[in-house]
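The values are calculated or read from the model by the stated rules, or taken from the named source; none is laboratory data. Not measured: the values here are computed from a predicted model. In this analysis, Cβ positions are derived from the backbone assuming ideal geometry, glycine residues included, and neighbour counts consider all displayed protein chains. To get the accessible areas, we keep the full protein, side chains included, count just its heavy atoms, and leave off ligands, DNA and RNA. Shrake-Rupley method; radii C 1.70, N 1.55, O 1.52, S 1.80 Å.
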Amino acid sequence: MMPTNTLETAPVSRNGSQLGLSPEQILSAVSDELRATEFIDMHTHLFKPSLGSLGLWGIDELITYHYLEAELFRSNPITPDQYWSLSKQQQADVIWQTLFVENAPVSEATRGVVAVLSAFGLPTASKDLTEARKFFASQKLEEHIENVFRLAGISEAVMTNDPLDPAEAPLWKDSAPHNQFHGVLRIDRILNKWADHWQAVKAAGYEVEQQLSAKTLAEVRRFLTDWCHLMKPVYMACSLPDTFAYPEESVRATMLKEAVLPVCRQFDIPMSLMIGVRYQVNPAIKLAGDGVGKSDLRALENLCREFPDNRFLTSLLSRENQHELCVYARKFANLMPFGCWWFLNNPSIVEEMTRERIEMLGMSFIPQHSDARVLEQVIYKWRNTRRTLAPILAKTYATLAEDGRAVTREDIHQDIQRLFRGNFESFCRIKT
Ligand code: HDL
Ligand code: ZN
């Protein structure tokens, strides 16, 4: 006979005590723990200060974020060519006027700018950007970064660093480390566009040819090894098309197998596969022009099975691939699902993805990354994550308690630490 109220006869919790939180106490405990925990933002396009002007920040960069540029063209007759001919400030002015003055900023990306302005106590419904520009212009970058990370509730951000970007590569030789920024070796140009970039690797002093001979593969390994010594990346990463396949007769598959994954093993770091992009479906709108496609995850299955000594951080761009990713993560412990990437980073989808991940993986995944391109975006992206996840986590624990296991504050604390710090640190073998 089942006891009537399972909480009164609640069995012991993790540490053997009889304690158990009520549903109301669970929600406030979850909210408190989310607020009190500093997260690791494990995928961004931010840069440490010593990488100079590569780092974007301030109101004009926030408003000309490519998500907002895409939305501008839907609400203003301006053509892309006319828009690209404007200065950065003129671009920001037309976006502000269109998406924030003439229309209520209700989309995820426009509301994010409102949240950032509000976090700094700036007016959020001004007719123009004069006051906001004055505020951001008065900020000193290092201090501003501290302030922004505090407001966002993150302790550190993981960068995206391209060793073949002519604007970034030369800066690494003398760039000072910064304890709140971790490097990532981003190798899209090697894996996806070798034909266009092998000469740059050659010019950097590596005896490579376009043809992937044994010598060329050895030199690519040396190139990656040298960059790992210089950058000390926490993982290697690549964005991949929806058509990504493995195995296949291709430069990318050979490069992965013979160069990239062996160096990941040598440095004991994961490979991050971000799969599902349909690049430049509308080239006229530049960075905003990429789309999404459902991928065949047998490529991921084959990689996880063929390379058990490699670890794969994986984020998929198509909502239709998310359930399969959870199933594969149950099959392969060297597969770590992360984030609600790009077009998925909207509460309606984040909720669905996070619930199915908890149901199928417990707390053994990484719920979110910001993907921030502009420094202050971390404020709204992480505010949204805490707001969206609090009720999901609370419901998870309330259901557990209902089914007969008392839930304690310590349970909640440990799980949130694991979700937003521990899973990433252990998967990347980061010593804390
Ligand atoms: O390739 C990536 O890392 C993506 O996140 C792209 O940068 C994309 O343009 C983006 O900004 N997503 O949020
Ligand atoms: Zn990204």
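With a sphere of radius 14 Å drawn around the Cβ of residue 35, what net charge do the other residues whose Cβ falls strictly inside it have (Lys, Arg +1; Asp, Glu -1)?
Within the 14 Å Cβ shell, the charges total +2.
In the stretch 26-96, if the dipole is taken from +1 on Lys/Arg beta carbons and -1 on Asp/Glu beta carbons about the Cα centre, which of 46, 86, 30 is farthest to the positive end?
Checked the options; the winner is 86.
How would you order 416-424, 244-252 from highest to lowest mean count of nearby Cβ atoms within 10 Å?
416-424, 244-252
For residue 24 and residue 82 in the same chain, what is the full-extension length gain: residue separation times 0.36 nm, less their Cα-Cα distance, in nm?
Length gained, residue 24 through residue 82: 15.5 nm.
Please report how far the C-alpha centroid of the stretch 96-143 lies from that of the stretch 337-379, rounded to the nearest whole angstrom.
When both Cα centres are located, 24 Å separates them.
Given a 1.4 angstrom probe, I'd like the percentage of the accessible area of the stretch 156-283 that is carbon and sulfur, rounded to a whole number.
52
Just subtract the alpha-carbon distance of residue 36 and residue 333 from 0.36 nm times their residue separation and send over the number in nm, one decimal.
Gain on extension, residue 36 to residue 333, equals 104.0 nm.
If you place +1 on the Cβ of every Lys and Arg, -1 on the Cβ of every Asp and Glu, and leave all else neutral, what size is the dipole of the chain about its Cα centre, to the nearest 20 Debye?
Once rounded to the nearest 20, the dipole reads 460 debye.
For residue 431, which aspartates and glutamates qualify as cross-link partners when the Cα separation must be under 20 Å and same-chain residues fewer than eight apart are set aside?
38, 41, 156, 268, 309, 415
Could you provide, to the nearest whole Å², the per residue accessible area of the chain with probe 1.4 Å?
44
Once you list every other residue whose beta carbon is under 11 Å from the beta carbon of residue 120, what net charge do they have if Lys and Arg are +1 and Asp and Glu are -1?
Surrounding charge for residue 120 is -2.
Treat every Asp and Glu Cβ in the stretch 340-432 as -1 and every Lys and Arg Cβ as +1, leave all other atoms uncharged, and give the resulting dipole magnitude about the Cα centre to the nearest 20 debye.
Computed charge dipole of the stretch 340-432: roughly 380 debye.
Any chance you could check the Cα centroid distance between the stretch 66-93 and the stretch 256-314 for me, in angstrom?
So the separation of the two Cα centres works out to 31 Å.
Which entries of 232/331; 193/215; 193/381 show an alpha-carbon separation above 23 angstrom in the structure shown?
Correct reply: 232/331; 193/381.
What is the local net charge at residue 242, summed over the other residues whose Cβ is closer than 10 Å to its Cβ (Lys, Arg +1; Asp, Glu -1)?
Within the 10 Å Cβ shell, the charges total +1.
For the chain, with the dipole built from +1 on Lys and Arg beta-carbon atoms and -1 on Asp and Glu ones, taken about the Cα centre, which of 63, 212, 116 lies farthest toward the positive end?
Towards the positive end, the residue furthest out is 212.
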